[in-house]
Amino acid sequence: MSQKLFNVAVVGATGAVGEQIIGLLEKRDFPINELKLLSSARSAGTRIMFKGKEYTVEEATPDSFKGIEIALFSAGGEVSKLLAPHAVESGAVCIDNTNAFRMDPETPLVVPEVNMDKVSEHKGIIANPNCSTIQLVAALAPLQDRYGISRIIVSTYQAVSGAGTRAIDEMLRQTREALDGHDVIPDILPVGSLPVKHQIAFNAIPQIDKFQDNGYTLEEMKMVRETKKILGDDSIEVTATCVRIPVVYGHSESVYVELKNDYEMEEVRKLIAEAPGVTLVDDPASQLYPLATIAAGKPDVFVGRLRRDLGHARGLNLWIVSDNLLKGAAWNAVQIAEYIAIEME
Ligand SMILES: NC(=O)c1ccc[n+]([C@@H]2O[C@H](COP(=O)([O-])OP(=O)(O)OC[C@H]3O[C@@H](n4cnc5c(N)ncnc54)[C@H](OP(=O)(O)O)[C@@H]3O)[C@@H](O)[C@H]2O)c1
């Protein structure tokens with residue numbers, strides 16, 4: 001029996017996430033009939049190679065989706081809000097990397113290793129969670145299943161690639177300027193609601209996305225809300241502090257988690273080591289623990305530095321690292337696309 005081939009669109013094909021999606025579709029030999037690569041008018045006409053063939057990027061418009069069966073969106077929330085409904089109307093299933101539909105009760109928010117069963121509830125759109133949330137829940141889901149989680153306190157150390165290709169360029173440019181003894185002129189970060197910009201080279205910026213009325217940033221509130229939705233438990237108390245650091249690829253997270261039931265450290269280590277898509281790297285005697293440089297380019301979530309809290313017997317501290325462009329975005333989306341493709345066969 002011949003395998004069904006799909007007409008696939010990648011919206012945001014010229015971006016940091018889009019580039020990784022295209023690379024993974026090629027590497028995974030995704031069953032593609034027609035491939036449409038879409039961007040804004042700025043990059044329309046750009047040529048991209050896929051499986052030895054050159055494709056020309058087109059401007060994304062409401063009419064771009066005729067005949068498309070699977071559409072992967074990573075062009076910002078406004079683009080998804082505008083165009084995903086047209087794609088659905090044309091009969092496509094959309095996998096959306098943006099914040100546009102994540103908290104919509106009708107839209108499943110999916111990390112395949114945690115809640116792939118939710119995919120079947122979709123009404124045309126499946127949301128990919130925020131990059132920082134994906135790696136957090138992938139590591140903590142086995143602990144939620146076994147012990148229950150009452151509280152999570154997470155502080156992130158996030159790579160500039162999380163803010164797109166322009167932020168990567170900005171960090172590299174500023175680093176050169178600083179090393180050459182020139183004035184550093186911030187232009188892109190933080191991505192917020194005000195024109196104020198800060199230096200990222202040799203710095204740490206405690207703001208990712210816009211500030212909300214409650215004093216938290218939107219990135220922090222995404223982590224709070226999405227964690228509860230994916231783990232299916234509104235009672236978990238979540239506090240996040242999200243910080244941008246001058247790393248190109250790979251988000252790191254310092255996580256304190258309070259469990260509802262007593263735990264043995266050996267069992268926790270086993271649960272994490274056996275969790276799908278998670279690799280335990282925790283050997284202090286050899287100074288081995290997860291690093292962004294090790295996680296970069298790999299699909300897994302890496303977990304280490306496991307320690308019982310000194311003040312709370314059911315408290316556990318961990319260090320969680322993953323490539324924000326892969327498991328945090330493109331790989332998670334392609335995993336969902338592969339699952340849908342099998343369902344649609
Ligand atoms: N980077 C991450 O780690 C990450 C992780 C999870 C989710 N996300 C989300 O994924 C989305 C893209 O992120 P990114 O990091 O890939 O950003 P990026 O590098 O800035 O790329 C943005 C992409 O969107 C396209 N685009 C912008 N405006 C458009 C429009 N009006 N119509 C059609 N296409 C348009 C751009 O095309 P042009 O080349 O024409 O400008 C480019 O292809 C964002 O919503 C982000 O929140 C990112």
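The values are calculated or read from the model by the stated rules, or taken from the named source; none is laboratory data. Predicted model, so just to flag it, every value in this text is computed and none were measured. With ideal geometry, Cβ positions are generated from the backbone for all residues, glycine too; neighbour counts draw on all protein chains shown. For accessibility, only protein heavy atoms count, side chains too; no ligands or nucleic acids. Shrake-Rupley method; radii C 1.70, N 1.55, O 1.52, S 1.80 Å.
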Quiz item: What are the residues whose amide H is under 5 Å from the amide H of Arg307, where those residues sit 5 or more places off or on another chain and H is modelled from the backbone?
Solution: Asn317
Quiz item: Once you put a point 7 Å from the Cα of Lys27 and another 7 Å from the Cα of Val248, both along the Cβ direction, what distance in nm separates them?
Solution: 1.6
Quiz item: What residues have an amide H closer than 5 Å to that of Lys210, excluding those fewer than 5 places away on the same chain, when H is modeled at 1.01 Å from N in the peptide plane?
Solution: Leu218, Glu219
Quiz item: Once you charge only the Cβ atoms, +1 for Lys and Arg and -1 for Asp and Glu, what is the size of the charge dipole of region 20-113 about its Cα centre, to the nearest 20 debye?
Solution: 340
Quiz item: In nanometres, what is the gap between the two model label sites at Ser2 and Met49, each 7 Å from Cα along Cα-to-Cβ?
Solution: 2.8
Practice problem: Report ³J(HN,Hα) in whole Hz for each residue of region 241-253, in order, from the Karplus equation J = 6.51 cos²θ - 1.76 cosθ + 1.60 where θ = phi - 60°; Gly and Pro get x. | Solution: 10, 10, 10, 8, 10, x, 10, 7, 10, x, 8, 10, 9
Quiz item: Under the rule of -39500 (n - 2.57) per DSSP H run of 4 or more residues, summed and divided by the residues of the chain, what mean residue ellipticity at 222 nm is obtained, to the nearest 500 deg cm²/dmol?
Solution: -9000 deg cm²/dmol
Quiz prompt | Per residue, in Å², the accessible surface of region 281-331 once ligands and nucleic acids are set aside, probe 1.4 Å | solution = 45
Self-check item: Percent accessible area from carbon and sulfur atoms, the chain, protein chains only, probe 1.4 Å
Solution: 50
Quiz prompt | Net length gained if the chain between Val184 and Arg305 were fully extended (0.36 nm per residue, minus Cα distance) | solution = 40.0 nm
Exercise. Give me the percent of DSSP beta bridges within region 1-96 that run antiparallel, rounded to the nearest 5.
Key: 20
Quiz prompt | Computed E for Asn317/Thr293 - FRET, C-beta separation, R0 22 angstrom, nearest 0.05 | solution = 0.50
Self-check item: Spin-label pair Asp104/Asn203, simplified geometry with 7 Å Cα→Cβ offset, distance in nm
Solution: 3.6
Quiz prompt | Leading residue at positive end of dipole, region 120-234 (Cβ point charges), from Leu143, Thr156, Gly215 | solution = Leu143
Quiz item: So what is the relative contact order of the chain, in percent, for Cα pairs below 8 Å that sit 6 or more residues apart?
Solution: 18
Practice problem: Quote the FRET efficiency, to the nearest 0.05, computed for Ala41 versus Met265 with a Förster distance R0 of 41 Å and r equal to the Cβ-Cβ distance. | Solution: 0.15
Quiz prompt | Area accessible to solvent at Asp283, 1.4 Å probe radius, in Å² | solution = 60
Quiz item: So how strong a dipole does region 200-345 carry about its Cα centre when Lys and Arg Cβ are +1 and Asp and Glu Cβ are -1, to the nearest 20 debye?
Solution: 400
Self-check item: the chain - charge dipole about Cα centre, Lys and Arg +1 at Cβ, Asp and Glu -1, debye rounded to 20
Solution: 300
Self-check item: Segment Glu345-Asp213, length gained on full extension (0.36 nm per residue, minus Cα span)
Solution: 42.9 nm
Exercise. Take Arg166, project a point 7 Å from its Cα along the Cβ direction, then tell me which residues of region 194-215 have their backbone nitrogen under 15 Å from it.
Key: 194-198, 209-210
